[in-house]
Structures are given as structure tokens and as C-alpha cells.
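Comments concern the structure below.
The values are calculated or read from the model by the stated rules, or taken from the named source; none is laboratory data. Predicted model only: the values in this text are computed from it and were never measured. For accessibility, only protein heavy atoms count, side chains too; no ligands or nucleic acids. Shrake-Rupley method; radii C 1.70, N 1.55, O 1.52, S 1.80 Å.
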Amino acid sequence: MNAIPFQTIDWNSIDKVEYKGETGVAYWQTLQLDQLRIRIVEYSEDYLADHWCEKGHLVYCLEGEFVSELKTGELIALSKGMSYVVSDAMSNHRSISEKGVKLLIVDGDFLNSKH
């Protein structure tokens, strides 16, 4: 990964892009650096992701609560102040939010378990 110089991020100046879930919607604000993606992601009430994700992430719950469902059937509840981390290809997971949630999500090549 290339060196990242000191910089601030004004999330108020980054547009929200809407992605429809199987139910509900997700809004992403994305800062894409070389091999690093930083996002503020908000899931609406009654959100269910429309796909199983195999990507690795560092996820921090800023507001609300959600469930990360693993393809194994395991349900992991996270609420404000909690995090999870997983490397690429280490789990199939998808997000579920009954009441809405706001997350900080960081991912990139550094989470590729083959490096």
C-alpha cells in the first residue's frame, strides 16, 4: 500500500449513494484511496443485504444496531461502540438492520489473507 499523507475527511462534503437491499436501502459515503476504501454506511429500517459478501472489513458501529449473518447460520449482533474484523474470503456474511444503523467501514488489500 502506498503511503497516505495526513488529511482530513469532511464527510458532509461526500455524496451519499443509494444501494437497494433485498429489503430497505443502504447509503454509502465513500473515500477511495489507492488500495484502501473508507466508508460511512447507513442501513435503513428493515434492511437486508441483497448479497453474501466475502470481502474483509473493519466495521465500527457508530449509531444503532445491526446483525451480521454468517452463511453458516450464525447471527452476530453489534450495537453502538462495537466492532468486527474479518479478512477477505474468511466468511460469507450479510447485514440485517431492523431499526437502522450507521457504520464506519474500512477495507482494502491489507485484508487479503493471501498477502
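Restricting attention to the chain, the count of lysine pairs at 8 or more positions apart or across chains with alpha carbons under 25 Å apart stands at 20. To the nearest 10, the accessible area of Asp50 is 90 Å² with a 1.4 Å probe. Atom-type composition of the exposed protein surface of the chain places 51 percent of the accessible area on carbon and sulfur (1.4 angstrom probe).
The listed residues Glu74, Glu69 rank as Glu74, Glu69 when sorted by accessible area, largest first, using a 1.4 Å probe. For the chain, the spread of Cα coordinates along the three principal axes comes to 38, 35, 25 Å, biggest extent given first. Size check on the range 30-93: the Cα extents along the three principal axes, sorted descending, read 34, 26, 22 Å.
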